[in-house]
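These notes concern the structure reproduced below.
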Amino acid sequence: MPKNRTLQRLRRRLVYWGARVAQAILLVLPFDMATAVGGWLGRLAFTLLRSERRRTLKHLALAFGQDKQEHERREIARRVFVNAGRSIAEMMLFPRWNDKRLRQRIRFDEPEPLLRACRSGRGFVFLTAHFGNWELLGAFVVQVLGVDLGVIARRLSNPYLDRLVNDYRRRAGMKVFLRGERAASFSRHLRQGGTLGILGDHDIRGLKGVFVDFFGRPAHTPTGPAELILHSGVPWFTILLERSRDGYSHRVHCEGPFPIPDGENRAAKALQLTEQYMQWLERIVRRHPDQWMWMHDRWRKKPKT
């Protein structure tokens, strides 16, 4: 095996075992303390991870450069890292999240439209985003609402971490469908009355997409979620989990079900649905900019002129 591949495997193993040690420590701490430690580590990451910090500040400037001062954008960026640290800690605490704790920490004010969709026996699709704590949202939907939830996930570059994260998801009750696998598996899940949760807000290399407006700039957005909804004809919702100001509790935001766009032109309908999804996301992110993952280069790809 080439030397650089050996070093890469060693680094990946060290990251994996570092995550396992961190989880072991968090699991023995009082619950709120463990979450607070995650936030503290997020603050530390903001200081130490210079490239991630610069990327976050760059993207915040693109989105809010006309509306917010530099010191305001920097404070938002710091809170983005804190939220990420808390979210990772909460995910590592999945073995301690039970029905009672989920109900205590997560508020869902208007669940009836979603519960009606569950009672209908038809499958439906959740479009969510890298906002708040999306992994904890999945656990709540499964364990408290009783939804048969499958999630379409992207493989992580570190295979050891990838197995660990998907093990967290499965222990929480989610079914995991990996991108690149045959679509028949998750299509069957929908036909059998299951629900699919999809994160569609990042521009993933190799995925077909369209340019839609996001914070006043064209953002290349995958059309796979829209095409799946159009192909299956199932209802769809937007949903996310907003972290409250106390840093420990959360609130579910859910809208829908939305109608399928009219018309015969499939590409036009996919574009309309994708625009609707991104307009919803921008509205939420403008209200809570510190809870979206600005590290991702949302405007990486440029439209051809």
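Just so it is clear, none of the values below were taken in a lab; they were calculated from the coordinates. Please read these numbers as outputs of a predicted model, since none were measured by experiment. In this analysis, Cβ positions are derived from the backbone assuming ideal geometry, glycine residues included, and neighbour counts consider all displayed protein chains.
The table that follows gives values for the structure above.
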item	result
Cα shape, segment 200-257, gyration tensor, a/c 1.5 rule	oblate
Length-normalised contact order of segment 118-225 in % [C-alpha pairs under 8 Å, at least 6 apart]	34
Normalised convex hull volume, segment 194-305, alpha-carbon set, Å³ per residue	127
Value of relative contact order over the chain, rounded to a whole percent, pairs C-alpha under 8 Å and six or more apart	22
Answer label, with volume of the Cα convex hull per residue in Å³ calculated from the coordinates and candidates (1) 170; (2) 155; (3) 118	(2)
Of the DSSP H helices in the chain, those whose Cα atoms cover at least 15 Å axially and whose Kyte score averages 0.0 or more	31-48
Trypsin sites (Lys or Arg not before Pro) restricted to DSSP loop in segment 119-210 with at most 14 other C-beta within 10 Å	R154, R155, R179, R182, R205, K208
Within the chain, helix-based [θ] at 222 nm, where runs of 4 or more DSSP H residues each add -39,500 (n - 2.57), nearest 500	-17000 deg cm²/dmol
Packing-based ranking, highest mean first, of 64-74, 268-278 given that Cβ atoms within 10 Å are counted	268-278, 64-74
Electrostatic dipole magnitude of segment 3-291 [Cβ: Lys, Arg +1; Asp, Glu -1; Cα centre; debye, to 20]	1440
Lys/Arg +1, Asp/Glu -1 at C-beta; the chain dipole; positive extreme among T238, N98, L115	N98
Selection from H59, Q276, V210, by position along the positive dipole direction of segment 3-291 (Cβ)	H59
Given charges at beta-carbon only (K, R positive; D, E negative), |dipole| of segment 51-132 in Debye	280
Global geometry of segment 73-193, whether rounded, prolate or oblate, following the gyration tensor of its Cα atoms and the 1.5 cut on a/c	oblate
Among 240-247, 11-18, the order from most to least packed when residues are scored by Cβ within 10 Å on average	240-247, 11-18
